[in-house]
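Here is the structure we will look at, set down as structure tokens.
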Amino acid sequence: MTVHTTRMLIIGSGPAGLTAAIYGARAGMQPIVVQGLQPGGQLTITTDVENYPGFRDVIQGPWLMQEMQAQAEHVGTRMLWDTITSVDLSSHPFRAFGDSGDVYEGDTVVIATGAQAKWLGVPGEQELGGKGVSACATCDGFFYRGKKVVVIGGGNTAVEEALYLTNHSQDVTLIHRRNTLRAEKILQDRLEANPHVSTLWHKKVERFLHDEATGALRALLLTDMITGEQSEFDAQGAFVAIGHAPATELFKGQLQLDDSGYIVVEPGTPKTAIPGVFACGDVMDHTYRQAVTAAGTGCMAALDAERFLAEREFEAVKLAAAAG
Ligand code: FAD
Ligand code: NAP
């Protein structure tokens with residue numbers, strides 16, 4: 001068992017964690033990043049990224065994350081291959097315990113464990129990822145311009161995704177398992193008023209069907225929840241929008257989580273209720289959930305961590321001076 005000590009312990013290696021690492025390392029905080037089971041985070045499971053600033057041409061998600069990691073290491077970050085299984089944020093230095101048996105002690109902790117889209121878990125869904133099935137309209141909607149697309153779900157996310165997709169497609173269908181939406185009234189009103197969105201109620205998706213020739217999504221097999229009747233619905237793009245699950249199990253009982261499980265931070269900052277513990281990226285943000293916003297809040301977390309330590313050290317110097 002090894003004990004690793006650092007001024008800045010970063011849990012998670014997506015855009016939020018790696019950006020925090022770049023800023024932390026450049027501020028001399030010698031950060032450690034514990035990478036978790038998905039080194040590089042969610043962007044490593046996608047292909048084309050067209051909305052990360054700085055690249056005129058389409059770039060690949062895994063490549064972008066390799067570059068971020070290389071930059072973080074170049075400026076002095078230690079990347080460690082481990083997964084945190086529990087944390088103790090009740091005393092200082094904060095402690096995190098790895099699956100490997102190693103212990104991590106941080107003067108500050110930056111939580112960047114992200115969130116994962118929930119999936120339906122039906123046949124064809126994972127196989128057609130990147131070939132018609134997606135969980136992010138903002139990321140992938142552009143690839144379906146002029147095509148027939150569906151959104152599955154009935155919450156705010158589903159309605160927002162359906163409305164967003166009308167920027168690219170004039171044929172958007174929202175498929176929901178009931179006939180009432182959870183989405184806020186204002187969003188429902190916008191949906192109803194939009195001539196490019198239709199709704200299919202009481203429909204359960206049984207499987208995603210592919211085109212034999214292209215291997216891409218061709219249709220969805222649906223079951224009517226009232227009659228039990230099955231039908232095929234043609235679509236070239238399907239966006240699953242049934243919620244996200246933030247990776248916050250570890251922090252239950254130690255940090256305040258909202259009703260959906262996201263870490264609660266002081267509005268407009270990455271500060272949790274525990275001084276010295278910061279949260280950034282998708283783990284604290286159920287609204288924007290983009291690589292660039294994750295990177296932005298990662299930067300904020302590192303800057304705040306640095307300020308926290310500077311203030312603590314200044315107080316310690318003052319106390320020592322007062323004690324003579
Ligand atoms: P994540 O990327 O989710 O990273 C979380 C990290 O935490 C991972 O490294 C994981 O291993 C680690 N972790 C989790 N638990 C633990 C633990 N217990 N111990 C240690 N580490 C842990 N956004 C865009 O801006 N443009 C796009 O084109 C785009 N396309 C997307 C396509 C897909 C298919 C998906 C799923 C998402 C896409 N996104 C896109 C969204 C973007 O990927 C996320 O907003 C972003 O990755 C969030 O970054 P993050 O660092 O907060 O978390
Ligand atoms: P959500 O509110 O939990 O809604 C999930 C939707 O998916 C529900 O309609 C649910 O159906 C459906 N669903 C869940 N599992 C399903 C399954 N296996 N098969 C088919 N349908 C399934 O999730 P969300 O829309 O992602 O929102 C999450 C949180 O973020 C909410 O608090 C929301 O308000 C918030 N949010 C806010 C904004 C905003 O303020 N602009 C935007 C996005 C999200 P049922 O209704 O039948 O359960």
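The values are calculated or read from the model by the stated rules, or taken from the named source; none is laboratory data. Just so you know, these numbers come straight off a predicted model, no measurement behind them. Cβ coordinates were reconstructed from backbone atoms using ideal geometry, including for glycine residues, and neighbour counts include every protein chain displayed. The protein model used for the area step is the full one, side chains on, heavy atoms only, and it has no ligands, DNA or RNA in it. Shrake-Rupley method; radii C 1.70, N 1.55, O 1.52, S 1.80 Å.
Extension gain, Gln66 to Glu266, is 68.9 nm, computed as 0.36 nm per intervening residue step minus the present C-alpha separation. If R0 is taken as 51 Å, the Cβ-Cβ distance between Asp189 and Asp88 corresponds to a FRET efficiency of 0.60. Taking a ≥ b ≥ c as the square roots of the Cα gyration tensor eigenvalues, with a/c under 1.5 meaning rounded and otherwise prolate when a/b beats b/c, else oblate, which class fits the range 133-240? Because a/c hits 1.5 or more and a/b fails to exceed b/c, the range 133-240 counts as oblate. In order along the range 273-283, the Karplus-derived 3J(HN,Hα) couplings, from 6.51 cos²θ - 1.76 cosθ + 1.60 at θ = phi - 60°, round to 6, 9, x, x, 10, 10, 10, 9, x, 4, 5 Hz, and Gly and Pro are given as x. Return the percentage of antiparallel bridges among DSSP beta bridges fully within the range 133-240, rounded to the nearest 5 %. Antiparallel: roughly 45 percent of the beta bridges in the range 133-240.
The residues of the chain have, on average, 50 Å² of accessible surface per residue, using a 1.4 Å probe with all protein chains present. To put it simply, the accessible area of the range 133-240 at a 1.4 Å probe is 46 percent carbon and sulfur. Sites counted here are chymotrypsin sites (Phe, Trp or Tyr not before Pro) in a DSSP loop (not H, G, I, E or B) having no more than 14 other Cβ atoms within 10 Å; the longest part of the chain that contains none of them is 120-287. Each residue of the range 251-264 is assigned a 3J(HN,Hα), and the resulting list reads 9, 4, x, 10, 10, 6, 10, 7, 4, 8, x, 7, 5, 7 Hz, derived from the Karplus form 6.51 cos²θ - 1.76 cosθ + 1.60 (θ = phi - 60°), x at Gly and Pro. Over what distance in Å are the Cα centres of the range 18-55 and the range 227-246 separated? Measuring centre to centre over Cα atoms gives 31 Å. Taking a straight line from the alpha carbon of Lys203, these lysines sit under 27 Å away, with near neighbours fewer than eight places off in the same chain left out: Lys118, Lys131, Lys147, Lys148, Lys185. In the elastic network of the chain, a GNM with C-alpha springs shorter than 10 Å, the most mobile of Pro270, Pro123, Pro93 is Pro123. Close amide H partners of Arg218, meaning residues 5 or more places away or on another chain with modelled amide H under 5 Å apart, are Leu209, His210, Asp211. The stretch between Lys204 and Lys318, if pulled fully straight at 0.36 nm per residue, gains 34.6 nm over its current Cα-Cα span.
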